[in-house]
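The values are calculated or read from the model by the stated rules, or taken from the named source; none is laboratory data. What you see is a predicted model, and the numbers here were worked out from it, not measured in a lab. Cβ atoms come from the backbone with ideal geometry, glycine included; neighbour counts cover every protein chain shown.
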Amino acid sequence: MVRAVVCRELGPPESLVLETFPSRALKPGEVRVAIRAAGLNFPDILMVAGEYQLKPELPFTPGVEAAGNVVEVDPAAKRVAVGDKVIVKMRYGAYADEAVVAASQLTPMPSTFDYAEAATFLAGHGTAYHALIDRGRVEPGEVLLVHGAGGGVGLAAVEMGKMLGATVIACASSEEKLAIAKARGADHLVLYAREPFQDAVKRITDGRGVDVVFDPVGGEVFENSLRCIAWGARVLVIGFTGGIGLARTNLLLIKGASVIGVRAGEAVRRNPGLGEVRLKALLKWAEEGKLRPNVSHRLPLEDYARAMRLLIERKAIGRVALVMG
């Protein structure tokens, strides 16, 4: 029997239910994975509320990434064996004890990670990679402004931006979050409540502004970011947890700037070659100890609603994982 968190009606995390189902038989080419941890991402919350661009048919189980052990393999599945430690990539379905997926959805776990770290790696760091490398083309010596630097994807951007040779300005809502950002490589720290971040950026850069903005927040944060950019800046739109931002086109024109949308998953679906290059690089950097998710909370599967609330209430620092067994 398998436990899974199920969305039968759209709404808040508390509307979800934990149910038990029998395991289903494998189809040709499929693999059964005993999930040991599942990563939480803000799109999970939007999806169960019906506010995400992907709208699965009800009922469905949320969760886009997990990690665990392969326990059964159909003979048609290639390059996978029982006992393998793997990361599971899904569009939804990760909040469960078990996943039955195609072998192509599996990635070997980095040997340097535990299950919770592996289950919270590819979505956040994959988004940061696509944003900073594929879309933003960050160069050594450039100045990178990271909003929401205490969140999962923001902290990944801090870590990766520093690794790419950028000067990183990290903005967050608490001193505790900024301390973690500093430990992951941030050069300058900005507390939102202390001063307007655009003023802090101008002070730090002697009025020049930043070359790249990494923005998973949106709303006024996006709008005010346009007031502290350098000539030729790239403003990367990662998400809109703080609302939809409106662009002042005169500010973009004056600075010769670009606003660039970032959809890491969709980019790979349209161009699988991008995903192969990204995955190879991320796994290499993980094995070398250059990248590691910061998992601030690990909760049992039955505490799924409380875990999701940690993201909604901005109480997580880095990532949150559900752990099983």
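Give the residues of region 216-267 that are β-branched (Val, Ile, Thr) and within 16 Å of Gln53 (Cα to Cα), sorted by residue number. Val237, Ile238, Thr241, Ile244, Val262, listed by residue number. Can you tell me which residue among Glu19, Glu51, Glu9 is more than 22 Å from Asp303 (Cα to Cα) and either within 24 Å of the chain's Cα centre (by Cα) or of a type outside the set (A, V, I, L, M, F, W, C) (or both)? The unique qualifying residue is Glu51. Would you check if there is a residue in region 9-17 being free of Cβ contacts under 8 Å to residues at least 60 places away in the same chain, surrounded by 17 or more Cβ atoms within 10 Å (Cβ to Cβ) and among the hydrophobic types (A, V, I, L, M, F, W, C)? No - not one qualifying residue is present in region 9-17. Scanning region 267-279 finds no residues that are assigned to a strand (DSSP E or B) and more than 20 Å from Phe214 (Cα to Cα). Among the residues of region 114-142, which ones are more than 13 Å from Val277 (Cα to Cα), small (Gly, Ala, Ser) and assigned to a helix (DSSP H, G or I)? Residues satisfying the conditions are Ala116, Ala118, Ala119, Ala123, Gly124, Ala128, Ala131. The residues of region 235-261 that are closer than 26 Å to Lys315 by Cα and either of a type in the set (Gly, Ala, Ser) or not assigned by TED's automatic domain parsing to the domain that holds His147 (or both), listed by number, are Gly239, Gly242, Gly243, Gly245.
Among residues belonging to region 193-244 that are in a loop (DSSP other than H, G, I, E, B) and small (Gly, Ala, Ser), point out the one that is surrounded by the most Cβ atoms within 10 Å (Cβ to Cβ). Walk me through how you get there before you give the answer.
Filtering region 193-244 for residues in a loop (DSSP other than H, G, I, E, B) gives 193-196, 205-209, 216-218, 226-228, 238-244.
Applying the additional criterion that residues be small (Gly, Ala, Ser) yields 193, 207, 209, 218, 239, 242-243.
Details: Ala193: 7, Gly207: 10, Gly209: 23, Gly218: 21, Gly239: 21, Gly242: 16, Gly243: 12.
It comes out as Gly209.
Exactly one residue among Pro56, Pro62 is over 25 Å from His297 (Cβ atoms) and in contact with a Phe, Trp or Tyr (Cβ under 7 Å, 6 or more places away or on another chain), and that residue is Pro56. For Arg314, the requirement of being of a type outside the set (S, T, N, Q), in contact with a helix residue (DSSP H, G or I) (Cβ under 7 Å, 6 or more places away or on another chain) and part of a loop (DSSP other than H, G, I, E, B) is not met.
Beta carbons closer than 9 Å, at least 6 apart along the sequence or on distinct chains, pair a first residue in region 42-60 that is in the same structural domain as Val6 (by TED's automatic domain parsing) with a second that is acidic (Asp, Glu) and assigned to a loop (DSSP other than H, G, I, E, B) for Ile45/Glu51; Leu58/Glu9; Pro59/Glu9.
Considering region 128-172, and only residues there that are surrounded by fewer than 24 Cβ atoms within 10 Å (Cβ to Cβ) and under 18 Å from the mean Cα position of the chain (by Cα), the residue that is farthest from Leu282 (Cα to Cα) turns out to be Arg135.
Scanning region 268-278 for residues that are surrounded by 13 or more Cβ atoms within 10 Å (Cβ to Cβ) and modelled with pLDDT under 95 gives Val268, Leu274, Gly275.
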